Amino acid sequence: MVELFARGGVILVIIVLLSVVAAAIIIERLLYFRKIRGDEGQIINRLKQTLEKHHFDEALAICESNPSPVANLMRVGIEHRQYSQEVIKASISDAANMEIPRLERFLTSLGTIAHISPLLGLLGTVTGNIQAFGVLGEFGAAGDPAILARGISEALITTAAGIIVSIPAIIFYNYLVSKVNHSIIHLENRVSEMVLLLKGNGRNAV
């Protein structure tokens, strides 16, 4: 392993560090989406039961103790329950827009890693080839193809590393972007349901 890093040089070290960052982002985002999806159904059921009893303070406490996109939207809706249906819907829609950056957290960094990793690999190959040809020119060993082949093979290590990092990063980036889009659509579909639930119970409470 040490010899491999020695062949790849500084650029290979950078690519490996980027792969660690990409892996951390992927794991964190997958756990995040799994958590908010798993908590959502339970939170909604608890809130519906609480709102049907007009226990709005308890409903707010549930939202604050279970932070998630849906709970945050419900909290905003409950706080605006005494206003008109249009105001409630606008407030929840604004809250939904505020949730988008949380859903997209770190995805820009993952996309950047996915795109620059092969470029860094190519840069390492180019600089490695320059160095290999420079050594050949310095010692006048152009007639020995083994020296040139060894230098090029070492230079290609960074290209292979960059591609290895880039492929899974692109796959998971596209997957996570799709998850974000589905989550946004899901939140938008929840808005109307929340407005009807809150307005019906809120009217009785006023």
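Do we have VAL13 as surrounded by fewer than 20 Cβ atoms within 10 Å (Cβ to Cβ), free of Cβ contacts under 8 Å to residues at least 24 places away in the same chain and over 19 Å from the mean Cα position of the chain (by Cα) here? So VAL13 fits the description; yes.
What do you reckon, is PHE133 more than 22 Å from LEU30 (Cα to Cα) and either at pLDDT below 75 or not β-branched (Val, Ile, Thr) (or both)? Criteria met by PHE133. Residue count for segment 138-193 under the criterion of being modelled with pLDDT under 90, among the small types (Gly, Ala, Ser) and under 26 Å from LEU103 (Cα atoms): the result is 2.
Scanning segment 45-99 for residues that are of a type in the set (D, E, K, R), surrounded by 13 or more Cβ atoms within 10 Å (Cβ to Cβ) and under 26 Å from the mean Cα position of the chain (by Cα) yields ARG75, GLU99.
The values are calculated or read from the model by the stated rules, or taken from the named source; none is laboratory data. Please read all numbers here as calculations on a predicted model, not as lab measurements. When we count neighbours, we look across all protein chains shown, and the Cβ atoms used for this are built from the backbone with ideal geometry, even at glycine.
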